[in-house]
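Read through the structure below, which is laid out as structure tokens, and then see the notes.
The values are calculated or read from the model by the stated rules, or taken from the named source; none is laboratory data. Since this is a predicted model, take the numbers as computed values, not measurements. In this analysis, Cβ positions are derived from the backbone assuming ideal geometry, glycine residues included, and neighbour counts consider all displayed protein chains.
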Amino acid sequence: MIIRQLKIGFMDNFTNIVGCDKTKKAMVIDPGADVDRILAEAKNMKLADDTVVWPGHDYGPTPRSALHWEKRNNVNAVEYGYYSGD
């Protein structure tokens with residue numbers, strides 16, 4: 001089982017990553033403001049593309065995302081080299 005807690009930002013907010021070691025399917029829960037660090041951690045952990053990203057607040061009609069979407073659409077993911085758009 002994957003259980004990782006990252007201390008993020010100047011307020012020391014916690015982002016949690018919970019998932020399966022075998023399948024690498026996981027959830028990123030309440031991602032903090034340091035997108036670069038979270039994406040780097042996801043890449044290092046080789047998390048599955050369908051890993052679900054759950055924000056800690058309600059962001060409208062689509063309250064969640066997935067790593068495969070972030071890889072294609074998040075400017076930071078490609079610009080900083082965390083994913084090459086594959």
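Residue-level check: of (1) surrounded by fewer than 12 Cβ atoms within 10 Å (Cβ to Cβ); (2) at pLDDT 85 or above; (3) in contact with a helix residue (DSSP H, G or I) (Cβ under 7 Å, 6 or more places away or on another chain), Gly85 misses just (2).
Against the condition basic (Lys, Arg), at pLDDT 85 or above and out of contact with any Pro (no Cβ under 9 Å at 6 or more places or on another chain), how does Lys43 come out, does it pass? Yes; evaluated as a whole, the condition is true for this residue. Within the range 3-28, the residues that satisfy the criterion of being of a type in the set (Val, Ile, Thr) and surrounded by fewer than 17 Cβ atoms within 10 Å (Cβ to Cβ) are Ile3, Val18, Thr23. Take the conditions buried (at least 16 other Cβ atoms within 10 Å of the Cβ) and at pLDDT 85 or above and apply them to Ala48. Does it pass? Spelling it out, Ala48 is indeed buried (at least 16 other Cβ atoms within 10 Å of the Cβ) and at pLDDT 85 or above. Reported count of residues in the range 1-54, each being among the small types (Gly, Ala, Ser) and either within 14 Å of Ala66 (Cβ to Cβ) or touching a Leu at 6+ places or on another chain (Cβ under 8 Å) (or both), is 5.
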